[in-house]
Structures are given as structure tokens and as C-alpha cells.
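Structure, as C-alpha cells:
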Amino acid sequence: MQALQSLPSTILQTVIHLAYDNSDWHTLCSCTLVSKSWRAASRNSVYREISIGSEARLEEFEGLLATDPTITSLVHSLVLRLPPDNPDFTNYSLVAKIPRTLSTLLTRLYTIRVIGLRTVHENNEPIDHFIVALSGFAAFATVQSLALYNCTMDTSLLSLFSTSLPAIRELSIEFHHIPRHPPGLIPDSQVPSPQRPLLKTLKLDFGLIFSPAAPAILDWLISTPSRDTLRSVTLTVRISDAEAVGRFLSEVGPVLEELELRFEDYFGLPLETASKPLSCGTQLTK
Amino acid sequence: MKNQISIEGCTSLRALTLANSSLTSGAILDTIAEIRSARLEYLALWLPNNGNRADDESLPDLAALVETLREVRQLAELRFIYHGPIPKRRILERLQDIFSPSVPSRIIHVVEGR
């Protein structure tokens, strides 16, 4: 034990982070209880990723940062986990408060992950609030990576959100849904910059459930400058998305350095991947 | 008929992974045959799960892939991902036989997928 105590703090931090492995909270909590030096070395892992799912939690975190300002530089990843049972229109309030509250405090934030954000409502008023709320993320000047998981957002809002982040280079979208909004959703004053986003890395996985999200997002990306800046792409390809993926690869293919295609089908039936054209007009093979 | 997904235009690729849970091996090989990248260093492919057999019939016809990779001189890693009860070493030895001498045995790797 004495030998462990004499380890340089940077090595101890690395050992603890490897033991934590981004998920093993039980081990991480145990490490913080070993000694004062272990508790200090655990701080990087404890505060590396912060998850916020309510305004009460945000206020609590704000209070913690006020008590110990050294934490602000330790947070590299912010997870906005919106509760699924919340009415849609109450989410924008929390979304709007995040940049207002945290953008000036978290000076080394690199990743924002949003889980379960839904911008669906029959009344357009909450959508207008979301437009303002998502535009506010422009204040996160250091964020390079945006990950959306199980969100419901149309491409104009997605475009607004991603282009709001001035330093964004990575975009990851999983299990996305596209709601039906009337055209012209974004007012002219909020139209995203045509010079963004300049993505280098893209990861899309829409799962097996049919959704028009893949063609809509791929076609949107082709229309942005990312068409020339993308270098690494990971796509989960469903048979229904084959045409859109083909169109996308024909546009960005020449500049890609890394490509991962994960083929998926609905039922695993030969019909789905047969050579003859399918009723939906798509095919994967010659 | 023309592929709707083609990687023929991806001429700058350094790394390519084709993960495939249920498509036929023919579909993979058609795609692989389109590789024209002069910079390809890493190629990862999923082998179809053909049950317990470890003889030649358990592997797809890899002749087209062998022929294609003969020209890819800078390939540094050829990784096969498989799922099944066949011993990893046995699959590795079969693949090394199939690709010899076009692809050096030392760059061929086999890993277990899901």
C-alpha cells in the first residue's frame, strides 16, 4: 500500500481512469475512499463527464462549481439526459438554461451528448422556444463533438443545433426521429451559417425501425461544407436507406480516409438483399 | 445492374470496415472488388456465420478478394471478424493458406465478433 501511495499522481490518475473504464462507478467510488491522495487523483474521472436531467440537478451542479471552481476545468463531457415522461414543451426551459448557466464556466468542455430531446408539439410556440434555446449553444466555444441519442428533431433544427457550435468537428446521431413540421420553421434571423458545420467525423445509426431520418440527414450533410471536410464516416445501413447512402458516398467518397459500413436488414430474409430490385426500389447488391 | 451503394469513388481510403450480420458473402465481395484506393492500410471484414464447419465450404469464395488485395501493397492489417464456435486458430490458418502468398500471413488477424 505504501508503494501505491508513492506513485506519481499522474500515473495514479491513469490507473484509476483505466479501472473506472468510463462506467464502473462502484470501483471509482471505492478509489475515492482509499486515501486523500487517491481521492485527489480520482477527481479527473469523477468530474470528466457530468450528466444533467433536470433544472434542480443543474442548480445543484452550479452550486457545486461555485463551492469548488477547480472542478470547472475537469469537465470534458456534458450529458443532457431529458426525462422521457416530461411533456415536450417543458424541455426547452432546461435546454435554454444549459448554455446560459454553463458556457462560461466549463472552459474545457469538448463533448455534448443529448439524450431524449423531443421538439415535437402541435402548437408551434414551443418550437420557437427551442430555436432560441438551441441557438444559445453557440456560447460553447470549445465543444468539438455533438452526440444525439434517441432525439426527435427535424433537419432544420438539427442544422441549427450543430452549426451553432463554432468548433464542432464530430457529429454522432443514433436512433433519431424526424417529426413533421411545416416548412420554413426557422426564421430568417436564425438561419444557420452556410459556412458550417465543418465536420471531420460522422457516425449515424438509426437502428432497425423505419424512419425517414437517414435520407433527410444524409442529404442535408451533402448540402453543407462538411461534404469537403469529412474524413471518417461510420454508417449503419438499412436496405431502406441504400439509395441515400449511395448518393452520400458518391458525393463525399473521394475525400474519405476511414469508412465503416454496417449493413443491417429487418428480417434477415434473402429477399431483402437479393439482386433483383425490390418493391421499395432499393438494392444493395449487383 | 449497378450497385446503389458503391465505394468505387472512395479513392483516398486508408481504413475500411464492412460489418455485416446477414448479407450474403457475394454482396461483400462485390463491394470489396471496387476498392481502388492506393492508400488502403486497414481492411476489416465480417465472415458469414456458417455454423460449425471449418473446412473450405464454411468460408465464402475469397478468390476475388485475394486477387484485389494482391495489388494493395501497403495493406498493414487484414482483419476478419467472425462469430461461431470454430477455434480462432483454425480459421486463421485457413485464411493464411488462402491468401498466401498474395497477402503476408503476419498482417492477417482473426477476432471474435458478437
Query raised in the report: So, in nm, how far is label residue A:36 from label residue B:76 when the simple model puts each one 7 Å beyond its Cα toward the Cβ?
Result: 4.7 nm
Report summary line: Lys and Arg at +1, Asp and Glu at -1: neighbours of residue A:199 with Cβ under 14 Å from its Cβ sum to +1
Report summary line: Percent relative contact order for segment A:199-257, counting Cα pairs under 8 Å at least six residues apart, stands at 45 percent
Report summary line: Inter-chain shielding metric for A:247-256, i.e. average beta-carbon neighbours from other chains within 10 angstrom, reads 5
**Report entry** Number of partner chain Cβ atoms within 10 Å, mean per residue of A:239-245
**Finding:** 2
Query raised in the report: Hey, how much of the P(r) for segment A:11-69 falls beyond 17 Å, as a percent of Cα pairs?
Result: 44 percent
Query raised in the report: So between residue A:141 and residue A:74, what do we pick up on full extension, going 0.36 nm a residue minus the alpha carbon distance?
Result: 22.5 nm
Query raised in the report: Of A:97/A:203; A:97/A:200; A:36/A:200, which ones are farther than 32 Å apart at the Cα?
Result: A:36/A:200
Report task. Apply the Karplus parameterisation 6.51 cos²θ - 1.76 cosθ + 1.60, with θ equal to phi minus 60°, to every residue of segment A:77-83 and state each ³J(HN,Hα) to the nearest whole Hz, in sequence, with x for glycine and proline. Result -> 9, 10, 10, 9, 10, 8, x
Query - Average beta-carbon neighbours from other chains, 10 Å sphere, peptide A:8-21 - result: 0
Requested in this report: With a 10 Å radius around each residue's Cβ, average the other Cβ atoms per peptide and rank A:230-242, A:104-116, B:80-92, highest first.
Outcome: A:230-242, A:104-116, B:80-92
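Coordinate-derived values only; no laboratory data. These numbers come from a predicted model, not from an experiment. Note: ideal-geometry Cβ built from the backbone for every residue, glycine included; neighbour counts use all protein chains shown.
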